[in-house]
Structure formats: C-alpha cells, structure tokens
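Since the structure comes first, as structure tokens, the remarks are kept for the end.
The values are calculated or read from the model by the stated rules, or taken from the named source; none is laboratory data. A quick note: this is a predicted structure, and the numbers were derived from the prediction, not measured. Here Cβ is always computed from backbone atoms with ideal geometry, including for glycine, and neighbour counts include all displayed protein chains.
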Amino acid sequence: MNQPASSFIDRVDPRVRVVAAVAMSILVAVASRFSVLGLAFVVAAGAAALAGLGPVEALKRLVPLNLFMLLLVVLLPWTADGPPLVRVGPFSYSADGLLLAVAIALKGNAIVLALMALVGSIQATTLGHALAHLHLPDKLIHLLLFTVRYIHVLKREYLRLSDAMKVRAFRPRMNLHTYRSYGYLVGMLLVRSFDRSERIVAAMKCRGFRGRFYLLDHFSFTRHDLHFGIACSAILLLMALAEWL
C-alpha cells in the first residue's frame with residue numbers, strides 16, 4: 001500500500017496530511033485580512049517546496065485557476081460599491097471590489113497550493129485508506145475509489161464509441177444531426193456504464209463483497225508525524241490569532 005517516500009511531505013502520515021489540508025483550507029476560506037492571506041500563501045508555497053513540487057510545475061497547475069481569477073479581477077470591481085478608481089459613463093471600477101477580487105485570488109491560490117502539496121501526491125487507494133481511518137462514511141470512500149478505478153474504463157468506452165462514429169463518416173458540424181448524434185453518444189455511454197456497473201456488482205457479490213472494504217494494513221504514527229502536526233498546528237494557530245485578535 002505504502003509508496004516509497006520521495007520528499008519530506010511524502011514521509012508524513014496521510015491522515016495527518018488530510019487533516020492539515022482540511023484545516024488550512026477552512027481557515028483560509030474564512031480569513032479576510034491580507035496579512036493572513038499573504039502568510040497562508042507563503043506557507044502553502046513552502047509546503048509545495050517540501051513536497052518536491054517545482055515552481056514551474058506549480059505555476060502550470062495554477063494557470064487554469066488564475067485565468068478565472070484574472071476574469072474575476074477584471075469584472076468584479078465593476079459590480080461592487082466603493083470609491084471608484086476608474087469611471088466609464090455610469091459604470092465605475094471600485095477600489096473595494098478590486099481588493100475583494102485580490103483577496104479571493106489569494107485564497108484560491110493558497111488553498112489549491114496547500115491541497116497540491118499535502119494531498120496531491122497521495123495515491124487514490126492510500127487516500128481512501130486514510131479517510132477510512134478518519135471514520136468518514138464508507139459510501140463516500142467507496143464512491144471515491146470506484147470513481148478513480150473506473151473513470152479510465154469509461155474514457156476507453158467513450159473513445160471506442162467515438163471511433164465507431166468516425167468510421168461511419170461522422171464529422172461534427174454546427175447542425176441538428178451533430179447535436180442528435182452526440183446525444184445518442186452520451187445516451188449509449190450511460191447505458192453501457194449502467195450495464196457494466198451491474199456486472200461489476202454481481203462479480204463483487206460472487207467474491208463475497210458485503211458493502212465494506214476491510215483494512216488489512218494500518219498506518220503508524222511516528223515522531224516525524226508528531227513534529228509535522230505540531231508545526232502545522234502552530235502555524236494555523238498563528239494565522240487564527242492574526243485574523244481574530
């Protein structure tokens with residue numbers, strides 16, 4: 001189950017990493033002071049470095065998020081109240097709206113960086129195992145594991161159906177025939193997915209599945225995990241004090 005640790009973060013117990021990521025995300029989401037948000041971003045960037053995530057790779061992963069944030073910075077101040085920075089006819093680009101958009105961008109980047117550093121390098125099966133040890137609902141864990149396992153199967157099924165359409169000389173265009181064909185494609189994919197799920201359930205029941213995955217291996221909480229947990233708690237406490245005191 002356990003994979004060879006390749007960075008400082010990888011050697012930390014996955015349960016500790018999940019709890020730290022959730023606590024960090026909640027605290028950053030409710031924070032409003034720029035000093036706290038700036039500190040959160042620095043901490044998240046440091047965690048990404050400890051996880052072995054290079055700056056170029058981190059920036060590439062943050063590009064889709066920041067494209068949306070750029071759109072938010074451009075549009076949000078036009079709809080917010082406050083002293084205007086720019087006025088175009090009856091519309092004004094407000095300073096308060098710009099500060100709000102920048103705060104949202106800082107929050108989003110800090111949370112995504114923290115999740116990439118703490119949770120992004122955990123294998124799906126290991127993450128499910130950690131969530132089970134944290135006593136999350138079994139159905140939620142099963143949904144996660146089955147989604148990860150069969151999303152590629154559904155992708156292959158989609159590619160097979162798409163190739164069959166191309167062999168029959170289908171070429172997508174902006175017309176009713178194209179829309180109808182894609183509707184048939186989605187419907188057939190759903191039908192085949194449902195049929196496959198029934199066969200998977202029957203196969204699992206034949207092998208004795210009773211709605212529960214039994215955990216044969218267990219995590220061990222080490223001194224390294226304790227030190228990491230104490231450091232995370234101290235940082236989160238400092239951020240909470242800076243926000244509310």
_Number of the condition not met by G108 [criteria: (1) under 30 Å from D217 (Cα atoms); (2) free of Cβ contacts under 8 Å to residues at least 60 places away in the same chain]_ = (1)
*Would you please list the contacts, defined by Cβ atoms under 9 Å and residues six or more apart or on different chains, that run from a residue in segment 34-54 that is farther than 19 Å from A234 by Cβ and assigned by TED's automatic domain parsing to the domain that holds M24 to a residue that is of a type in the set (D, E, K, R) and outside any helix (DSSP H, G or I)?*
none
*Which condition number does F209 fail, the rest of (1) of a type outside the set (D, E); (2) assigned to a loop (DSSP other than H, G, I, E, B); (3) closer than 30 Å to A21 by Cα being met?*
(3)
_Suppose the filter is exposed (fewer than 13 other Cβ atoms within 10 Å of the Cβ) and over 30 Å from D217 (Cβ atoms); does G82 pass it?_
no
*Which is modelled with pLDDT of 90 or more, farther than 30 Å from V43 by Cα and either assigned by TED's automatic domain parsing to the domain that holds A40 or among the small types (G, A, S) (or both), of A130, A169, A240, A202?*
A202
*Within segment 86-98, which residues are touching a Gly at 6+ places or on another chain (Cβ under 9 Å) and either in a strand (DSSP E or B) or free of Cβ contacts under 8 Å to residues at least 12 places away in the same chain (or both)?*
S92, S94
*Starting from residues that are of a type outside the set (F, W, Y), within 19 Å of S197 (Cβ to Cβ) and without any contact (Cβ under 8 Å) to a residue 40 or more places away in the chain, keep the ones in segment 129-151 and report whichever is surrounded by the most Cβ atoms within 10 Å (Cβ to Cβ).*
L144
*asked:* For segment 166-174, check the following and say yes or no: at least one residue is surrounded by 10 or more Cβ atoms within 10 Å (Cβ to Cβ) and in a helix (DSSP H, G or I).
replied: yes
